[in-house]
Amino acid sequence: MDNSVAVCAPEKPRTCTPYYPVFLDVRGRFTVVVGGGSVAERKVDGLLKAGARVRVVSPDVTAGLEVRVNEGSVTLERRLYGEGDLKGAFLVYAATDDAAINEAVYAEAEARGVLANVADDPQHCNFIVPSVARRGSLQFAVSTGGAAPVLAKRLRCELEERYSDDWAVYTDLLSEVRMLVRDRISGGETERAAVLEAACDLGLLGRLRAGEVLDAESVYIEALDAVDESGFKAGESR
Ligand SMILES: C[C@@]1(CC(=O)O)c2cc3[nH]c(cc4nc(cc5[nH]c(cc(n2)[C@H]1CCC(=O)O)[C@@](C)(CC(=O)O)[C@@H]5CCC(=O)O)C(CC(=O)O)=C4CCC(=O)O)c(CCC(=O)O)c3CC(=O)O
Ligand SMILES: NC(=O)C1=CN([C@@H]2O[C@H](COP(=O)(O)OP(=O)(O)OC[C@H]3O[C@@H](n4cnc5c(N)ncnc54)[C@H](O)[C@@H]3O)[C@@H](O)[C@H]2O)C=CC1
């Protein structure tokens, strides 16, 4: 596999920024979205799904955002953006239809050392927003590095079709098995990984779909047996 850093051809600089992907914990964090159109609404929805506190600054908002405001999940400053609006923000989104305002929002964010996303200008984004498919703890975030957002969306839709909701149940089950492995297997990472790999080879998803009731304890034992059979010493006291 080629691990080299993407090198931009000078004539095509924007399509090959080597973005660094992360999953941020924004629960309870204060975020500001400037603008109230459909793009702002999409960014707000993503933030709410992740548990952020959201303030929207915009003289008008979409019907969808109005619902969010009325139900109390978003606070709205129903006015134009003014310098100082980003104070205390953890993340900032500039999503107005006015390029000069978006630029001013970016400049204030920069001055405050806050990460900013600018909807109409990938060159002035500290981060871009991926297309996301969620299945409980399992998340797929797709980015084209700003090259073709519609492709990111297409791939997200394909992932949603390919990975049904039972993947969330399967992921939770593996998480519980992992807790048991961590508590009980005294060996090193290699021993623990072997049991967890074995758990992944038990066809659990198909069995869950077939209606089998599986609990972490029984899966743990089964995985341990599979490892024992393969001759590996898990170093565990059962
Ligand atoms: C760089 C980035 C910055 C950012 O927004 O973070 C950016 C930038 C721009 N998008 C533009 C247009 C469109 N964007 C979408 C859709 C989405 N755009 C999203 C992200 C991103 N868009 C970031 C890069 C993501 C990546 O790496 O690929 C998604 C994934 C996530 C989200 O927004 O939540 C979400 C799909 C969510 C989903 O459904 O899964 C559609 C389609 C649609 O709306 O159905 C169109 C119309 C078609 C078209 O023009 O391509 C324009 C031109 C504006 C103009 O011409 O005025 C710019 C500006 C520019 O490229 O210069
Ligand atoms: N990144 C992305 O995913 C996409 C980006 N875009 C770009 O995003 C921008 C916004 O797109 P839409 O939501 O469709 O636009 P829109 O025209 O529906 O909404 C713009 C919003 O900004 C508000 N606004 C305007 N001036 C303001 C100010 N000074 N202070 C606060 N709010 C202000 C308006 O009241 C309105 O609510 C456009 O520049 C568009 O080119 C468009 C499509 C996708």
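The values are calculated or read from the model by the stated rules, or taken from the named source; none is laboratory data. A quick note: this is a predicted structure, and the numbers were derived from the prediction, not measured. Cβ sites come from the backbone with ideal geometry, for glycine too, and all protein chains shown count toward neighbours. Note: areas computed on protein heavy atoms with side chains; ligands, DNA, RNA excluded. Shrake-Rupley method; radii C 1.70, N 1.55, O 1.52, S 1.80 Å.
Results, tabulated for the structure shown:
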item	result
Extension gain from residue 175 to residue 30, taking 0.36 nm per residue of separation minus the Cα-Cα distance	49.3 nm
Cβ charges +1 (Lys, Arg) and -1 (Asp, Glu), total dipole of the range 30-129, debye	460
Part-to-part distance (alpha-carbon centres) for the range 185-208 and the range 79-136, which is given in Å	42
Theoretical ellipticity at 222 nm over the chain - DSSP helices of four or more residues, -39500 (n - 2.57) apiece, nearest 500	-13000 deg cm²/dmol
The range 165-232, relative contact order in percent, only Cα pairs under 8 angstrom and at least six apart counted	42
Solvent-accessible area of residue 137 with every protein chain in place, 1.4 Å probe, in Å² to the nearest 10	90
Peptide ranges 61-72, 85-96, 36-47 listed from the most packed, as the mean C-beta count within 10 angstrom indicates	85-96, 36-47, 61-72
Principal-axis tilt of helix 38-49 within the chain, Cα atoms, nearest 10 degrees	40
Using alpha-carbon coordinates, inclination of helix 216-229 to the longest axis of the chain, degrees	60
0 to 90° range, to nearest 10: angle between helix 166-184 axis and the chain longest Cα axis	60
The chain, accessible area per residue, ligands and nucleic acids excluded (1.4 Å, Å²)	60
Taking the chain and dividing mean pair separation by its residue count, relative contact order in percent (alpha carbons under 8 Å, at least six apart)	13
With every protein chain in place, the range 165-232: carbon and sulfur % of accessible area (1.4 Å)	50
With every protein chain in place, the range 30-129: carbon and sulfur % of accessible area (1.4 Å)	49
Percentage relative contact order, the range 30-129, counting C-alpha pairs under 8 Å, at least six apart	27
Residue-span extension gain [residue 121 to residue 16] - 0.36 nm each, minus C-alpha spacing	36.3 nm
Debye equation applied to the C-alpha atoms of the range 30-129, log10 I(q)/I(0) at 0.10, 0.12, 0.14, 0.24 Å⁻¹	-0.21, -0.31, -0.42, -1.35
Extension reserve of the residue 228-residue 139 stretch, reckoned as 0.36 nm per residue once the Cα distance is removed	28.8 nm
